[in-house]
1. Going through segment A:29-46 one residue at a time, which ones are within 23 Å of the chain's Cα centre (by Cα) and within 8 Å of DNA strand C (Cβ to nearest atom)?
2. Tell me, yes or no, whether segment B:87-110 has at least one residue that is assigned by TED's automatic domain parsing to the domain that holds B:ILE181, aromatic (Phe, Trp, Tyr) and within 16 Å of DNA strand D (Cβ to nearest atom).
3. Scan segment A:3-42 for residues that are at negative phi, exposed (fewer than 13 other Cβ atoms within 10 Å of the Cβ) and within 10 Å of DNA strand D (Cβ to nearest atom) and jot them down.
4. Report, ordered by the first and then the second residue, all pairs with beta carbons closer than 6 Å, sequence separation of six or more or different chains, a first member in segment B:36-50 that is assigned by TED's automatic domain parsing to the domain that holds B:LEU16, and a second member that is open to solvent by 40 Å² or more (accessible area, probe 1.4 Å) and near DNA strand D (Cβ under 7 Å from one of its atoms).
5. What number of residues in segment B:39-81 are charged (D, E, K, R) and in a loop (DSSP other than H, G, I, E, B)?
6. Among the residues of segment A:122-138, is any surrounded by 18 or more Cβ atoms within 10 Å (Cβ to Cβ), within 9 Å of chain B (Cβ to nearest Cβ), on the phi < 0 side of the Ramachandran plot and under 17 Å from the mean Cα position of the chain (by Cα)?
7. Report yes if some residue within segment B:45-59 is open to solvent by 60 Å² or more (accessible area, probe 1.4 Å) and away from DNA strand D (no atom under 11 Å from the Cβ); otherwise report no.
8. Filter segment B:150-159 for residues that are touching a residue at least 12 places away in the same chain (Cβ under 8 Å) and within 8 Å of chain A (Cβ to nearest Cβ); which is nearest to B:GLU180 (Cα to Cα)?
Protein chains: 2
Amino acid sequence: MENLIDKKQSIIESALELVYENGFHGCPVSQVAKNAGVAAGTIYTYFENKEDLIVGIYEHVAQQIMNYISERDDASLEFENRFFDYWRNFTEFYEKYPAIHGFYDQFLNSPFNSEEIQNKPNIWHEWAHKFFQSGMDKGAIRVTNPVVLSILVNTNIASTVRIKKNFKTKLARTNVNLEEISHLIWAGIKAD
Amino acid sequence: MENLIDKKQSIIESALELVYENGFHGCPVSQVAKNAGVAAGTIYTYFENKEDLIVGIYEHVAQQIMNYISERDDASLEFENRFFDYWRNFTEFYEKYPAIHGFYDQFLNSPFNSEEIQNKPNIWHEWAHKFFQSGMDKGAIRVTNPVVLSILVNTNIASTVRIKKNFKTKLARTNVNLEEISHLIWAGIKAD
DNA sequence: AATAACTGAATGAACGTTCAATCATTCTAA
DNA sequence: TTAGAATGATTGAACGTTCATTCAGTTATT
(Lines give C-alpha, C1' and ligand atoms only; values in the text may rest on other atoms or scores of the structure.)
Protein backbone atom coordinates (compact mmCIF):
# COMPACT_ATOMS: atom_id res chain seq x y z
CA MET A 1 0.00 0.00 0.00
CA GLU A 2 1.72 3.15 -1.17
CA ASN A 3 -0.15 5.77 0.83
CA LEU A 4 -3.35 6.62 2.64
CA ILE A 5 -5.32 7.56 -0.45
CA ASP A 6 -4.56 4.20 -2.03
CA LYS A 7 -5.74 2.45 1.10
CA LYS A 8 -9.02 4.34 1.22
CA GLN A 9 -9.50 3.59 -2.45
CA SER A 10 -8.87 -0.12 -2.04
CA ILE A 11 -11.43 -0.24 0.78
CA ILE A 12 -13.96 1.47 -1.47
CA GLU A 13 -13.21 -0.82 -4.38
CA SER A 14 -13.49 -3.92 -2.24
CA ALA A 15 -16.86 -2.79 -0.88
CA LEU A 16 -18.05 -1.81 -4.36
CA GLU A 17 -17.31 -5.28 -5.68
CA LEU A 18 -19.07 -6.96 -2.74
CA VAL A 19 -22.20 -4.84 -3.07
CA TYR A 20 -22.28 -5.59 -6.79
CA GLU A 21 -22.02 -9.32 -6.16
CA ASN A 22 -24.08 -9.77 -2.99
CA GLY A 23 -26.11 -6.61 -2.42
CA PHE A 24 -25.93 -4.27 0.55
CA HIS A 25 -26.81 -7.03 2.99
CA GLY A 26 -23.99 -9.20 1.66
CA CYS A 27 -20.98 -6.98 2.24
CA PRO A 28 -19.97 -7.35 5.89
CA VAL A 29 -17.23 -5.05 7.09
CA SER A 30 -15.09 -8.10 7.87
CA GLN A 31 -15.20 -9.20 4.21
CA VAL A 32 -14.60 -5.68 2.91
CA ALA A 33 -11.51 -5.54 5.12
CA LYS A 34 -10.30 -8.96 4.00
CA ASN A 35 -10.62 -8.20 0.27
CA ALA A 36 -9.02 -4.80 0.75
CA GLY A 37 -6.11 -6.36 2.59
CA VAL A 38 -6.62 -4.36 5.80
CA ALA A 39 -7.91 -5.07 9.27
CA ALA A 40 -11.55 -4.42 10.09
CA GLY A 41 -10.64 -1.61 12.46
CA THR A 42 -8.75 0.28 9.76
CA ILE A 43 -11.94 0.96 7.87
CA TYR A 44 -13.01 3.17 10.77
CA THR A 45 -10.00 5.42 10.25
CA TYR A 46 -11.46 6.38 6.88
CA PHE A 47 -15.19 6.08 7.44
CA GLU A 48 -17.31 6.91 10.46
CA ASN A 49 -19.48 3.84 10.04
CA LYS A 50 -20.80 1.49 7.42
CA GLU A 51 -23.38 3.88 6.04
CA ASP A 52 -20.64 6.45 5.59
CA LEU A 53 -18.69 3.83 3.63
CA ILE A 54 -21.64 3.14 1.32
CA VAL A 55 -22.10 6.86 0.72
CA GLY A 56 -18.33 7.04 0.14
CA ILE A 57 -18.64 4.45 -2.62
CA TYR A 58 -21.45 6.45 -4.17
CA GLU A 59 -19.40 9.63 -4.21
CA HIS A 60 -16.38 7.83 -5.59
CA VAL A 61 -18.49 6.25 -8.30
CA ALA A 62 -20.12 9.55 -9.24
CA GLN A 63 -16.65 11.08 -9.56
CA GLN A 64 -15.49 8.25 -11.84
CA ILE A 65 -18.50 8.65 -14.08
CA MET A 66 -18.01 12.40 -14.32
CA ASN A 67 -14.34 12.06 -15.17
CA TYR A 68 -15.03 9.53 -17.90
CA ILE A 69 -17.89 11.45 -19.52
CA SER A 70 -16.56 14.98 -19.16
CA GLU A 71 -13.08 14.12 -20.45
CA ARG A 72 -14.69 12.78 -23.60
CA ASP A 73 -17.13 15.66 -24.11
CA ASP A 74 -16.22 18.14 -26.83
CA ALA A 75 -18.17 21.32 -26.15
CA SER A 76 -17.28 22.72 -29.57
CA LEU A 77 -19.39 20.10 -31.36
CA GLU A 78 -23.06 20.39 -32.30
CA PHE A 79 -25.17 19.44 -29.28
CA GLU A 80 -26.70 16.51 -31.13
CA ASN A 81 -23.25 14.98 -31.54
CA ARG A 82 -22.42 15.69 -27.92
CA PHE A 83 -25.60 13.90 -26.87
CA PHE A 84 -24.75 10.75 -28.79
CA ASP A 85 -21.16 10.89 -27.48
CA TYR A 86 -22.57 11.18 -23.97
CA TRP A 87 -24.78 8.16 -24.54
CA ARG A 88 -22.03 6.06 -26.12
CA ASN A 89 -19.41 6.94 -23.52
CA PHE A 90 -21.73 6.31 -20.60
CA THR A 91 -22.66 2.91 -22.09
CA GLU A 92 -19.00 2.12 -22.67
CA PHE A 93 -18.20 3.09 -19.10
CA TYR A 94 -20.91 0.89 -17.59
CA GLU A 95 -19.81 -2.05 -19.73
CA LYS A 96 -16.20 -1.52 -18.75
CA TYR A 97 -17.02 -1.32 -15.03
CA PRO A 98 -19.96 -3.65 -14.37
CA ALA A 99 -19.50 -3.35 -10.60
CA ILE A 100 -20.15 0.39 -10.84
CA HIS A 101 -23.19 -0.21 -13.00
CA GLY A 102 -24.51 -2.80 -10.56
CA PHE A 103 -23.80 -0.71 -7.49
CA TYR A 104 -25.31 2.44 -8.96
CA ASP A 105 -28.48 0.65 -10.03
CA GLN A 106 -28.89 -0.72 -6.52
CA PHE A 107 -27.96 2.47 -4.74
CA LEU A 108 -30.25 4.81 -6.66
CA ASN A 109 -33.31 2.71 -5.89
CA SER A 110 -32.39 2.01 -2.27
CA PRO A 111 -33.23 3.91 0.90
CA PHE A 112 -29.50 4.72 1.16
CA ASN A 113 -30.22 7.29 -1.55
CA SER A 114 -31.97 9.49 0.99
CA GLU A 115 -33.32 12.97 0.43
CA GLU A 116 -30.29 14.23 2.35
CA ILE A 117 -27.94 12.58 -0.14
CA GLN A 118 -29.96 13.85 -3.08
CA ASN A 119 -29.78 17.41 -1.80
CA LYS A 120 -26.03 17.30 -1.21
CA PRO A 121 -24.05 19.04 -3.95
CA ASN A 122 -22.87 16.40 -6.41
CA ILE A 123 -20.42 17.46 -9.08
CA TRP A 124 -21.47 14.71 -11.47
CA HIS A 125 -25.13 15.71 -11.26
CA GLU A 126 -24.18 19.33 -11.62
CA TRP A 127 -22.10 18.55 -14.67
CA ALA A 128 -24.96 16.58 -16.23
CA HIS A 129 -27.45 19.36 -15.53
CA LYS A 130 -25.15 21.93 -17.10
CA PHE A 131 -24.68 19.62 -20.05
CA PHE A 132 -28.40 19.47 -20.77
CA GLN A 133 -28.84 23.12 -19.87
CA SER A 134 -26.32 24.07 -22.57
CA GLY A 135 -28.32 21.99 -25.05
CA MET A 136 -31.34 24.12 -24.21
CA ASP A 137 -29.40 27.38 -24.32
CA LYS A 138 -28.25 26.54 -27.82
CA GLY A 139 -31.80 25.70 -28.84
CA ALA A 140 -30.90 22.10 -29.66
CA ILE A 141 -33.31 20.54 -27.19
CA ARG A 142 -36.68 21.59 -25.89
CA VAL A 143 -36.71 23.77 -22.82
CA THR A 144 -37.51 21.52 -19.90
CA ASN A 145 -36.12 20.62 -16.47
CA PRO A 146 -32.49 19.53 -16.93
CA VAL A 147 -32.63 17.46 -13.75
CA VAL A 148 -35.57 15.46 -15.03
CA LEU A 149 -33.94 15.18 -18.43
CA SER A 150 -30.70 13.78 -17.07
CA ILE A 151 -32.53 11.25 -14.90
CA LEU A 152 -34.58 10.11 -17.87
CA VAL A 153 -31.55 9.76 -20.13
CA ASN A 154 -29.37 8.11 -17.50
CA THR A 155 -32.11 5.64 -16.57
CA ASN A 156 -32.45 4.56 -20.17
CA ILE A 157 -28.71 4.16 -20.58
CA ALA A 158 -28.49 2.03 -17.42
CA SER A 159 -31.49 0.02 -18.51
CA THR A 160 -30.11 -0.57 -22.00
CA VAL A 161 -26.81 -1.79 -20.59
CA ARG A 162 -28.67 -4.13 -18.23
CA ILE A 163 -30.73 -5.58 -21.09
CA LYS A 164 -27.62 -6.04 -23.20
CA LYS A 165 -25.92 -7.86 -20.35
CA ASN A 166 -28.82 -10.15 -19.46
CA PHE A 167 -29.78 -11.01 -23.00
CA LYS A 168 -26.37 -11.17 -24.64
CA THR A 169 -26.90 -14.56 -26.25
CA LYS A 170 -30.61 -14.25 -26.90
CA LEU A 171 -30.27 -10.84 -28.52
CA ALA A 172 -27.93 -12.17 -31.18
CA ARG A 173 -30.81 -14.22 -32.58
CA THR A 174 -33.31 -11.36 -32.81
CA ASN A 175 -33.19 -8.19 -34.78
CA VAL A 176 -33.37 -5.94 -31.77
CA ASN A 177 -31.17 -2.93 -32.14
CA LEU A 178 -30.61 -1.34 -28.80
CA GLU A 179 -28.64 1.49 -30.38
CA GLU A 180 -31.99 2.74 -31.59
CA ILE A 181 -33.03 3.57 -28.07
CA SER A 182 -30.67 6.53 -28.02
CA HIS A 183 -32.21 7.85 -31.26
CA LEU A 184 -35.65 7.29 -29.85
CA ILE A 185 -34.85 9.38 -26.77
CA TRP A 186 -33.12 12.03 -28.86
CA ALA A 187 -36.19 12.33 -31.08
CA GLY A 188 -38.24 12.90 -27.97
CA ILE A 189 -36.12 15.63 -26.42
CA LYS A 190 -34.77 17.59 -29.40
CA ALA A 191 -36.22 20.95 -30.30
CA ASP A 192 -38.88 20.82 -33.03
CA MET B 1 -57.37 -13.16 11.01
CA GLU B 2 -60.04 -14.88 8.95
CA ASN B 3 -58.06 -17.74 7.45
CA LEU B 4 -54.65 -18.94 6.37
CA ILE B 5 -54.56 -17.02 3.11
CA ASP B 6 -55.27 -13.77 4.93
CA LYS B 7 -52.45 -14.50 7.37
CA LYS B 8 -49.95 -15.23 4.64
CA GLN B 9 -51.05 -12.08 2.86
CA SER B 10 -50.65 -9.91 5.92
CA ILE B 11 -47.13 -11.25 6.45
CA ILE B 12 -46.28 -10.39 2.84
CA GLU B 13 -47.80 -6.95 3.10
CA SER B 14 -45.98 -6.21 6.33
CA ALA B 15 -42.65 -7.25 4.81
CA LEU B 16 -43.38 -5.31 1.62
CA GLU B 17 -43.95 -2.13 3.59
CA LEU B 18 -40.75 -2.60 5.60
CA VAL B 19 -38.59 -3.23 2.52
CA TYR B 20 -40.09 -0.15 0.90
CA GLU B 21 -39.29 1.98 3.93
CA ASN B 22 -35.96 0.54 5.08
CA GLY B 23 -34.59 -1.64 2.30
CA PHE B 24 -33.84 -5.34 2.47
CA HIS B 25 -31.41 -4.89 5.33
CA GLY B 26 -34.04 -3.08 7.38
CA CYS B 27 -36.84 -5.62 7.55
CA PRO B 28 -36.04 -8.07 10.36
CA VAL B 29 -38.34 -11.05 10.71
CA SER B 30 -39.24 -9.90 14.22
CA GLN B 31 -40.56 -6.59 12.83
CA VAL B 32 -42.35 -8.29 9.96
CA ALA B 33 -44.07 -10.52 12.49
CA LYS B 34 -44.98 -7.62 14.78
CA ASN B 35 -46.51 -5.51 11.99
CA ALA B 36 -48.36 -8.53 10.65
CA GLY B 37 -49.77 -9.31 14.08
CA VAL B 38 -48.29 -12.80 14.31
CA ALA B 39 -45.44 -14.44 16.19
CA ALA B 40 -42.03 -14.70 14.53
CA GLY B 41 -42.28 -18.47 14.36
CA THR B 42 -45.54 -18.33 12.39
CA ILE B 43 -43.74 -16.86 9.41
CA TYR B 44 -41.94 -20.19 9.05
CA THR B 45 -45.24 -21.99 8.57
CA TYR B 46 -45.67 -20.08 5.33
CA PHE B 47 -42.08 -19.49 4.18
CA GLU B 48 -39.03 -21.73 4.35
CA ASN B 49 -36.72 -18.86 5.23
CA LYS B 50 -36.32 -15.14 4.75
CA GLU B 51 -35.14 -15.34 1.15
CA ASP B 52 -38.23 -17.39 0.38
CA LEU B 53 -40.29 -14.61 1.94
CA ILE B 54 -38.64 -11.94 -0.22
CA VAL B 55 -39.27 -14.04 -3.32
CA GLY B 56 -42.81 -14.54 -2.05
CA ILE B 57 -43.32 -10.78 -1.97
CA TYR B 58 -41.99 -10.55 -5.51
CA GLU B 59 -44.41 -13.18 -6.76
CA HIS B 60 -47.31 -11.58 -4.91
CA VAL B 61 -46.42 -8.19 -6.34
CA ALA B 62 -46.11 -9.55 -9.88
CA GLN B 63 -49.54 -11.11 -9.48
CA GLN B 64 -51.04 -7.81 -8.29
CA ILE B 65 -49.56 -5.95 -11.23
CA MET B 66 -50.84 -8.51 -13.69
CA ASN B 67 -54.35 -8.44 -12.23
CA TYR B 68 -54.50 -4.67 -12.39
CA ILE B 69 -53.17 -4.33 -15.93
CA SER B 70 -54.88 -7.34 -17.50
CA GLU B 71 -58.29 -6.56 -16.03
CA ARG B 72 -58.11 -3.14 -17.65
CA ASP B 73 -56.81 -4.32 -21.02
CA ASP B 74 -59.37 -4.41 -23.82
CA ALA B 75 -58.01 -6.71 -26.50
CA SER B 76 -60.65 -5.54 -28.95
CA LEU B 77 -59.15 -2.07 -29.19
CA GLU B 78 -56.49 -0.88 -31.61
CA PHE B 79 -53.07 -1.84 -30.25
CA GLU B 80 -52.02 1.79 -30.00
CA ASN B 81 -54.85 2.45 -27.58
CA ARG B 82 -54.03 -0.68 -25.65
CA PHE B 83 -50.43 0.49 -25.32
CA PHE B 84 -51.44 3.85 -23.85
CA ASP B 85 -53.93 2.14 -21.54
CA TYR B 86 -51.15 -0.18 -20.41
CA TRP B 87 -48.90 2.79 -19.71
CA ARG B 88 -51.57 4.78 -17.89
CA ASN B 89 -52.81 1.87 -15.80
CA PHE B 90 -49.33 0.79 -14.80
CA THR B 91 -48.54 4.38 -13.75
CA GLU B 92 -51.80 4.59 -11.85
CA PHE B 93 -51.04 1.31 -10.11
CA TYR B 94 -47.56 2.38 -9.00
CA GLU B 95 -48.90 5.68 -7.71
CA LYS B 96 -51.67 3.90 -5.86
CA TYR B 97 -49.29 1.40 -4.26
CA PRO B 98 -45.99 3.20 -3.67
CA ALA B 99 -44.69 0.31 -1.52
CA ILE B 100 -44.98 -2.01 -4.52
CA HIS B 101 -43.24 0.50 -6.74
CA GLY B 102 -40.44 0.93 -4.20
CA PHE B 103 -40.07 -2.78 -3.56
CA TYR B 104 -40.07 -3.69 -7.24
CA ASP B 105 -37.46 -1.04 -8.08
CA GLN B 106 -35.22 -2.39 -5.36
CA PHE B 107 -35.83 -6.06 -6.10
CA LEU B 108 -35.23 -5.92 -9.84
CA ASN B 109 -31.80 -4.36 -9.39
CA SER B 110 -30.78 -6.52 -6.45
CA PRO B 111 -28.99 -9.87 -6.33
CA PHE B 112 -32.27 -11.36 -5.02
CA ASN B 113 -33.40 -11.18 -8.63
CA SER B 114 -31.14 -14.08 -9.53
CA GLU B 115 -30.95 -15.87 -12.84
CA GLU B 116 -32.91 -18.68 -11.21
CA ILE B 117 -35.76 -16.30 -10.40
CA GLN B 118 -35.63 -14.77 -13.86
CA ASN B 119 -35.91 -18.18 -15.50
CA LYS B 120 -38.85 -19.26 -13.34
CA PRO B 121 -42.19 -19.03 -15.15
CA ASN B 122 -43.80 -15.73 -14.21
CA ILE B 123 -47.35 -15.18 -15.29
CA TRP B 124 -47.00 -11.39 -15.28
CA HIS B 125 -43.96 -11.49 -17.53
CA GLU B 126 -45.69 -14.01 -19.75
CA TRP B 127 -48.73 -11.78 -19.96
CA ALA B 128 -46.60 -8.75 -20.86
CA HIS B 129 -44.69 -10.69 -23.50
CA LYS B 130 -47.92 -11.90 -25.05
CA PHE B 131 -49.23 -8.35 -24.94
CA PHE B 132 -46.33 -6.99 -26.98
CA GLN B 133 -46.28 -10.09 -29.18
CA SER B 134 -49.88 -9.43 -30.14
CA GLY B 135 -48.88 -5.88 -31.07
CA MET B 136 -46.34 -7.32 -33.46
CA ASP B 137 -48.72 -9.93 -34.82
CA LYS B 138 -51.18 -7.20 -35.67
CA GLY B 139 -48.43 -5.19 -37.37
CA ALA B 140 -48.85 -2.28 -34.95
CA ILE B 141 -45.32 -2.38 -33.60
CA ARG B 142 -42.02 -3.32 -35.15
CA VAL B 143 -40.99 -6.95 -34.91
CA THR B 144 -38.49 -7.20 -32.10
CA ASN B 145 -37.91 -9.18 -28.92
CA PRO B 146 -41.04 -8.81 -26.75
CA VAL B 147 -39.02 -9.51 -23.60
CA VAL B 148 -36.67 -6.62 -24.31
CA LEU B 149 -39.58 -4.45 -25.29
CA SER B 150 -41.47 -5.06 -22.06
CA ILE B 151 -38.37 -4.39 -19.95
CA LEU B 152 -37.76 -1.14 -21.81
CA VAL B 153 -41.33 0.03 -21.45
CA ASN B 154 -41.66 -1.05 -17.82
CA THR B 155 -38.38 0.61 -16.87
CA ASN B 156 -39.53 3.89 -18.33
CA ILE B 157 -42.87 3.69 -16.56
CA ALA B 158 -41.16 3.00 -13.21
CA SER B 159 -38.67 5.77 -13.86
CA THR B 160 -41.36 8.28 -14.79
CA VAL B 161 -43.31 7.51 -11.63
CA ARG B 162 -40.14 7.92 -9.57
CA ILE B 163 -39.40 11.30 -11.14
CA LYS B 164 -42.97 12.41 -10.57
CA LYS B 165 -42.74 11.41 -6.93
CA ASN B 166 -39.36 12.99 -6.22
CA PHE B 167 -40.01 16.23 -8.06
CA LYS B 168 -43.65 16.73 -7.26
CA THR B 169 -43.31 20.34 -6.10
CA LYS B 170 -40.47 21.31 -8.40
CA LEU B 171 -42.21 19.95 -11.49
CA ALA B 172 -45.16 22.22 -11.03
CA ARG B 173 -42.93 25.20 -11.76
CA THR B 174 -41.46 23.85 -14.99
CA ASN B 175 -43.11 22.96 -18.23
CA VAL B 176 -41.99 19.34 -18.16
CA ASN B 177 -44.68 17.06 -19.38
CA LEU B 178 -43.93 13.53 -18.32
CA GLU B 179 -46.93 12.24 -20.23
CA GLU B 180 -44.87 12.86 -23.32
CA ILE B 181 -42.50 10.08 -22.40
CA SER B 182 -45.13 7.50 -23.30
CA HIS B 183 -45.58 9.09 -26.73
CA LEU B 184 -41.84 9.22 -27.16
CA ILE B 185 -41.53 5.48 -26.47
CA TRP B 186 -44.51 4.70 -28.65
CA ALA B 187 -42.98 6.61 -31.53
CA GLY B 188 -39.88 4.51 -31.12
CA ILE B 189 -41.53 1.10 -31.12
CA LYS B 190 -44.49 1.50 -33.50
CA ALA B 191 -44.33 0.04 -37.00
CA ASP B 192 -43.28 2.52 -39.68
C1' DA C 1 -58.60 -37.81 19.99
C1' DA C 2 -55.71 -36.40 16.44
C1' DT C 3 -53.83 -33.01 13.68
C1' DA C 4 -52.38 -28.69 12.54
C1' DA C 5 -51.42 -23.91 13.57
C1' DC C 6 -49.43 -20.81 16.58
C1' DT C 7 -46.53 -18.79 20.19
C1' DG C 8 -42.43 -16.46 21.90
C1' DA C 9 -38.47 -17.43 24.64
C1' DA C 10 -34.17 -19.59 23.60
C1' DT C 11 -30.18 -20.34 20.55
C1' DG C 12 -26.22 -19.54 18.15
C1' DA C 13 -24.26 -17.33 14.32
C1' DA C 14 -23.11 -13.00 12.23
C1' DC C 15 -22.61 -8.45 12.41
C1' DG C 16 -20.85 -3.49 13.26
C1' DT C 17 -18.01 -1.33 16.22
C1' DT C 18 -14.46 -0.58 19.89
C1' DC C 19 -10.03 -0.44 21.92
C1' DA C 20 -5.71 -1.83 24.11
C1' DA C 21 -1.65 -3.05 22.08
C1' DT C 22 1.64 -2.75 18.27
C1' DC C 23 3.99 -0.68 14.57
C1' DA C 24 5.53 3.23 11.48
C1' DT C 25 6.55 7.81 10.85
C1' DT C 26 7.55 12.47 12.17
C1' DC C 27 9.26 15.74 15.22
C1' DT C 28 12.33 17.61 19.03
C1' DA C 29 16.32 18.74 21.13
C1' DA C 30 20.89 18.04 22.48
C1' DT D 1 23.12 13.36 13.48
C1' DT D 2 20.44 10.84 16.26
C1' DA D 3 18.08 9.21 20.60
C1' DG D 4 13.76 8.97 21.85
C1' DA D 5 9.37 11.21 22.48
C1' DA D 6 5.14 12.07 20.26
C1' DT D 7 1.82 11.30 16.93
C1' DG D 8 -0.89 8.71 14.10
C1' DA D 9 -2.01 4.48 11.61
C1' DT D 10 -2.98 -0.37 12.04
C1' DT D 11 -4.26 -4.59 14.02
C1' DG D 12 -7.53 -8.21 15.36
C1' DA D 13 -9.53 -10.13 19.42
C1' DA D 14 -13.37 -8.94 22.18
C1' DC D 15 -17.95 -6.83 22.96
C1' DG D 16 -22.65 -6.11 22.76
C1' DT D 17 -26.29 -6.23 19.73
C1' DT D 18 -29.19 -7.93 16.29
C1' DC D 19 -30.76 -11.26 13.55
C1' DA D 20 -32.84 -15.61 11.43
C1' DT D 21 -34.26 -19.76 12.92
C1' DT D 22 -35.80 -23.48 16.16
C1' DC D 23 -38.79 -25.94 19.19
C1' DA D 24 -41.27 -27.32 23.37
C1' DG D 25 -45.42 -26.07 24.93
C1' DT D 26 -50.15 -24.21 23.95
C1' DT D 27 -54.29 -23.33 21.49
C1' DA D 28 -57.47 -24.07 17.68
C1' DT D 29 -59.55 -27.07 14.22
C1' DT D 30 -61.02 -31.35 12.29
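The values are calculated or read from the model by the stated rules, or taken from the named source; none is laboratory data. The structure presented is a predicted model; accordingly, all values stated were derived computationally and were not measured. Cβ placement follows ideal geometry from the backbone for every residue including glycine, while neighbour counts extend to all protein chains displayed. The accessibility values were calculated without ligands, DNA or RNA, using every heavy atom of the protein model including side chains. Shrake-Rupley method; radii C 1.70, N 1.55, O 1.52, S 1.80 Å.
1. A:VAL32
2. Yes, the conditions are met somewhere in segment B:87-110.
3. Passing the criteria: A:ASN3, A:LEU4, A:ASP6, A:SER30, A:ALA39, A:GLY41.
4. Partner pairs satisfying both residue conditions: B:ALA40/B:SER30.
5. Number satisfying all stated conditions: 5.
6. no
7. Looking through segment B:45-59, at least one residue is open to solvent by 60 Å² or more (accessible area, probe 1.4 Å) and away from DNA strand D (no atom under 11 Å from the Cβ).
8. That would be B:ASN156.
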